[in-house]
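Enquirer: Here it is: the structure, laid out below.
The values are calculated or read from the model by the stated rules, or taken from the named source; none is laboratory data. All of these numbers come straight from a predicted model, not from anything done at the bench. Ideal geometry is used to build each Cβ from the backbone, glycine not excepted, and the neighbour counts take in all protein chains shown. With ligands, DNA and RNA removed, areas are computed over all heavy atoms of the protein, side chains included. Shrake-Rupley method; radii C 1.70, N 1.55, O 1.52, S 1.80 Å.
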Amino acid sequence: QVQLVESGGGLVQAGGSLRLSCTASGSIHSISVMGWYRQAPGKERESVATITSVGANTNYADSVKGRFTISRDNAKKSVYLQMNSLLPEDTAVYYCNAFLKSYDDSYYRNYWGQGTQVTVSS
C-alpha cells in the first residue's frame, strides 16, 4: 500500500511562514508529478503548486506566485511547500498529491495525503 503523509501545518499570523512536508512510502515504482492542493471551507479543492520529477518544472496558482515555493527530493520521495507572507485567505486544509505507479499497479494514478490544516490569523 502507498501512503502520503503530510506534516508542518499549524496556526500562524498574517505575514508569517510555514513549511509543509510530504513523504510517500510503500511499494512505489516511480513518481511523476507531485503537488499541493488546498480546500477552504465551502470551496472546491484547488491546485496550489505542482512540480515534475524530471527537470523540476513548477507551476503555481496565481494567488501564491512569489510567496510560495515548491520543491522535492526524489531520493526521499518527498515534496515540500515553503509558504511565506501568508494571508488569511491562505487558510485551508492542504493536501499532498502524487501521480505515481506502485509495484501493484500497471499504470500511474493519483494518491492523496490525509491533509494538514493551515490557519492564518489576521
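Enquirer: I'd like the residue in the stretch 47-59 that is more than 16 Å from residue 18 (Cα to Cα) and in contact with a strand residue (DSSP E or B) (Cβ under 6 Å, 6 or more places away or on another chain) and, out of all such residues, is modelled with the lowest pLDDT.
Expert: Restricting to residues being more than 16 Å from residue 18 (Cα to Cα) and in contact with a strand residue (DSSP E or B) (Cβ under 6 Å, 6 or more places away or on another chain), the top hit is 53.
Enquirer: So, one more: Within the stretch 1-29, which residues are touching a helix residue (DSSP H, G or I) at 6+ places or on another chain (Cβ under 7 Å) and either of a type in the set (Lys, Arg) or buried (at least 17 other Cβ atoms within 10 Å of the Cβ) (or both)? Quick ask: steps written out before the conclusion?
Expert: Going through the stretch 1-29, the residues touching a helix residue (DSSP H, G or I) at 6+ places or on another chain (Cβ under 7 Å) turn out to be 14, 23.
Result: 23, single match.
Enquirer: Ok, one more. Among the residues of the stretch 90-122 satisfying the criterion of being loosely packed, with under 15 Cβ neighbours inside 10 Å and more than 17 Å from the chain's Cα centre (by Cα), which is nearest to residue 18 (Cα to Cα)?
Expert: 121
Enquirer: Could you tell me whether residue 32 is in contact with a strand residue (DSSP E or B) (Cβ under 6 Å, 6 or more places away or on another chain), without any contact (Cβ under 8 Å) to a residue 24 or more places away in the chain, part of a strand (DSSP E or B) and open to solvent by less than 70 Å² (accessible area, probe 1.4 Å)?
Expert: Answer is no for this residue.
Enquirer: Among the numbered conditions (1) in contact with an Asp or Glu (Cβ under 8 Å, 6 or more places away or on another chain); (2) closer than 21 Å to residue 14 by Cα, tell me where residue 117 comes up short.
Expert: Evaluating residue 117 over (1) in contact with an Asp or Glu (Cβ under 8 Å, 6 or more places away or on another chain); (2) closer than 21 Å to residue 14 by Cα leaves (1) as the failure.
Enquirer: Another question about this same structure. Could we say that residue 12 is within 21 Å of residue 118 (Cβ to Cβ), of a type in the set (Val, Ile, Thr), at pLDDT 95 or above and over 13 Å from the mean Cα position of the chain (by Cα) here? Show your work before the answer.
Expert: Numbers: within 21 Å of residue 118 (Cβ to Cβ): yes; of a type in the set (Val, Ile, Thr): yes; at pLDDT 95 or above: yes; over 13 Å from the mean Cα position of the chain (by Cα): yes.
Against the criterion (within 21 Å of residue 118 (Cβ to Cβ), of a type in the set (Val, Ile, Thr), at pLDDT 95 or above and over 13 Å from the mean Cα position of the chain (by Cα)), residue 12 qualifies.
Enquirer: Collect the residues in the stretch 64-89 that are open to solvent by less than 40 Å² (accessible area, probe 1.4 Å), under 16 Å from residue 35 (Cβ atoms) and not β-branched (Val, Ile, Thr), keeping them in residue-number order.
Expert: 68, 78, 80, 81, 83, listed by residue number.
Enquirer: Oh, and also: Considering only the stretch 39-55, how many residues are more than 14 Å from residue 98 (Cα to Cα) and open to solvent by less than 60 Å² (accessible area, probe 1.4 Å)?
Expert: Looking only at that region, the number is 1.
Enquirer: Show the residue pairs that are 6+ apart or on different chains and have beta-carbon atoms under 8 Å apart, the first residue being within the stretch 60-85 and within 22 Å of residue 23 (Cα to Cα) and modelled with pLDDT under 95, the second being basic (Lys, Arg) and assigned to a strand (DSSP E or B).
Expert: Hits for this filter: zero, empty list.
Enquirer: Which one of 53, 21 is part of a strand (DSSP E or B) and out of contact with any Cys (no Cβ under 7 Å at 6 or more places or on another chain)?
Expert: Exactly one residue qualifies, and that residue is 21.
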